[in-house]
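The values are calculated or read from the model by the stated rules, or taken from the named source; none is laboratory data. All values reported here derive from a predicted model rather than from experimental measurement. Because the Cβ atoms are built from the backbone with ideal geometry, glycine has one as well, and the counts that use them run over all protein chains shown.
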């Protein structure tokens, strides 16, 4: 379940840091009852960046498939073997 805290709670940085690491999800910060910011641990941030990059790369691959820019796996392996003298 999402963690939501008021902006005044940011004063206790050690507690907020612990919350971000324990929650393993973004922590939403409200100001005057409305969403204002999102904070998270560096580990979670890096995981989210990796997932975003992976989704982007899958999109590129799907586009290449639609455009017919693919090779047969056996032909590609044979080409690599010839290229590297294996």
Query raised in the report: Within segment 39-70, which residues are surrounded by 10 or more Cβ atoms within 10 Å (Cβ to Cβ) and outside any helix (DSSP H, G or I)?
Result: 39, 40, 41, 70
Query raised in the report: Restricting segment 35-86 to residues that are at pLDDT 95 or above and touching a helix residue (DSSP H, G or I) at 6+ places or on another chain (Cβ under 7 Å), which is farthest from residue 10 (Cα to Cα)?
Result: 41
**Report entry** Residue under evaluation residue 32, criteria (1) touching a helix residue (DSSP H, G or I) at 6+ places or on another chain (Cβ under 9 Å); (2) surrounded by 10 or more Cβ atoms within 10 Å (Cβ to Cβ), criterion not met
**Finding:** (2)
Requested in this report: Count, please, the residues in segment 33-85 that happen to be at positive phi and in contact with a strand residue (DSSP E or B) (Cβ under 9 Å, 6 or more places away or on another chain).
Outcome: 1
Report summary line: Counting only residues that are part of a strand (DSSP E or B) and closer than 28 Å to residue 51 by Cα, segment 1-14 contains a total of 3
Query raised in the report: Counting only residues that are outside any helix (DSSP H, G or I) and in contact with a helix residue (DSSP H, G or I) (Cβ under 8 Å, 6 or more places away or on another chain), which one in segment 15-29 is surrounded by the fewest Cβ atoms within 10 Å (Cβ to Cβ)?
Result: 24
